[in-house]
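The values are calculated or read from the model by the stated rules, or taken from the named source; none is laboratory data. This structure is a prediction, so every number in the text was calculated from the model and none was measured. For neighbour counting, all protein chains shown are included, and Cβ atoms are generated from backbone atoms with ideal geometry for every residue, glycine included. Side chains are part of the model used for accessible areas, which takes the heavy atoms of the whole protein and leaves out ligands, DNA and RNA. Shrake-Rupley method; radii C 1.70, N 1.55, O 1.52, S 1.80 Å.
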Amino acid sequence: MTVLIAGAGIAGLTLGLTLHQIGVPFRIYEAVRALKPMGVGINLQPNAVRELHDLGLADDLAEIGVSTQSVGFYSKTGREIWTEPRGTAAGYHWPQYSVHRGQLQMLLHETLRARAGETSVITGHRATGFSGHQLKLAGPNGPASVEGTVTIGADGIHSVLRGQMYPDEGSPIWSGAILWRGTTRTRPFLGGADMILAGHDRQRIVAYPITNADPATGDALINWIAELRVDPSQGWRKEDWNRPADLGDFLPAFDDWVFDWLDVPGLIRGAEAVFEYPMVDRDPVARWTEGPVTLMGDAAHPTYPVGSNGASQAIVDARTLGACFAAHGTTPEALHAYEASLRPRTSAVTLANRGSGPDAILQMVEDRCGGVFDRIEDVIPQDELAAHSAKYKRLAGFDVDALNAQPALIGSI
């Protein structure tokens, strides 16, 4: 009756904690030999935070994350377009958190090992495929296979299990956007717990703190993302992932982005290290499930990092899958119920994010006035901005009224 999970990222570890909570045996197989706190900042929406609270992690999240109070959209000249409260400030029953991805992963991993035992996660074993109820692996002693009742592919955007289901799919799709990501220790901006997006579709900056300000220095760790769009035919090192960046490739484009409330070039120059990523996704697929195997997280629905929804959806995937196991047992029926519950919505989010999702208001303003205005109401009505924001929340599953009224997927520990 064992559930086999390929991948010990946020999706796989949350699923492990969920299965332990409901008493379902499982084993996670992870390619790397030792998990380390890799990555930079991510946001957890209230729908995901609710699920982590139900796993007994409320105090831990509060310790490692910043409770985000607002998200603001600004023009390339630093003028405010639209700001809205987030988390409990917006009326949710749960916070929104900005957190270092690696710290969250290590929290999940350490909690899982403490609850389910040291052998709940087997490192140094990379998934290479599946055959019926067997998960095929490459380990330190060569090829191996393990047998379980069902297998879950939580092995990311380059998922081997998805590749076996869709052998002709090819590489992730790149549309020409390049992301440079880093963290800088400096004074937080605005109210100190705010997320901002400034610019337009061809050039933008995203920034938010992922630690609270140090009482002694007043500094916080600020996560930032600089984005530029180039001609996709250039083939901008698409084969490279998470590569150290050359500031000369993008910093000159932001040299004059010095606002009253944020010095963008200063923020970039202050980073200890900067990494470059192509912004990629994959087309939605017609099914995630094949026999006793299904996909979750980025293996199932890789999407552009728009709307702060990627890690949150992975967590919701895990909890939904757990609820389906509780209802249907560890059976293909549970896998199909999970897929039917989530695949239509995640497919819609993937397609919406290609049109910039909630960030589309940045390009609306750029098109209408070049980002220069005295009163935003003269450019775009506030009710139009509010409607655009509300539409995406409904699509992505974190509308405030609907989420607050929604019964728990599983319940709390």
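At-a-glance table
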quantity: 3J(HN,Hα) from dihedral phi, the stretch 67-84, Karplus parametrisation 6.51/-1.76/1.60, rounded to Hz, x for glycine, proline; calculated: 6, 5, 9, 7, 10, x, 10, 9, 6, 5, 9, x, 7, 6, 9, 7, 10, 9
quantity: Per-pair calculated FRET efficiency, R0 = 45 Å: Glu272 and Arg354 via Cβ, rounded to 0.05; calculated: 0.90
quantity: Helical mean residue ellipticity (222 nm; -39500 (n - 2.57) per DSSP H run of 4+; nearest 500) of the chain; calculated: -9500 deg cm²/dmol
quantity: Solvent exposure, largest accessible area first (probe 1.4 Å, DNA, RNA and ligands not counted), of His93, His301; calculated: His93, His301
quantity: Size of electric dipole in the stretch 85-191: Cβ of Lys, Arg +1 and of Asp, Glu -1, about Cα centre, debye, nearest 20; calculated: 560
quantity: Cα-derived Rg over Rh, computed across the stretch 165-298 with Rh taken as Kirkwood radius; calculated: 1.07
quantity: Solvent-accessible area of Tyr92 with every protein chain in place, 1.4 Å probe, in Å² to the nearest 10; calculated: 10
quantity: Share of carbon and sulfur in the accessible heavy-atom surface of the chain [1.4 Å probe, %]; calculated: 50
quantity: Heavy atoms of Thr186 accessible to a 1.4 Å probe, total area in Å² rounded to 10; calculated: 50
quantity: Test item: Cα-centred dipole of the chain, Lys/Arg +1 and Asp/Glu -1 on Cβ, debye; calculated: 880
quantity: Average Cα contact separation per residue, the chain, under 8 Å, 6 or more apart, as relative contact order %; calculated: 21
quantity: Accessible area per residue in Å² at 1.4 Å probe, computed on the chain; calculated: 40
quantity: Which of Glu30, Glu272, Glu169, Glu333 is most accessible, then next, and so on - probe 1.4 Å; calculated: Glu272, Glu333, Glu169, Glu30
quantity: Amide H contacts of Thr83 (H built 1.01 Å from N, under 5 Å, at least 5 apart or other chain); calculated: Phe73
quantity: Aspartates and glutamates with Cα under 15 Å of Lys36, excluding same-chain neighbours fewer than 8 positions away; calculated: Glu110
quantity: Nearest-ten-degree value, helix 10-22 long axis tilted from longest Cα axis of the chain; calculated: 50
quantity: Computed FRET value (nearest 0.05) for Thr331 with Arg202, which takes r as the C-beta separation and R₀ as 56 Å; calculated: 0.70
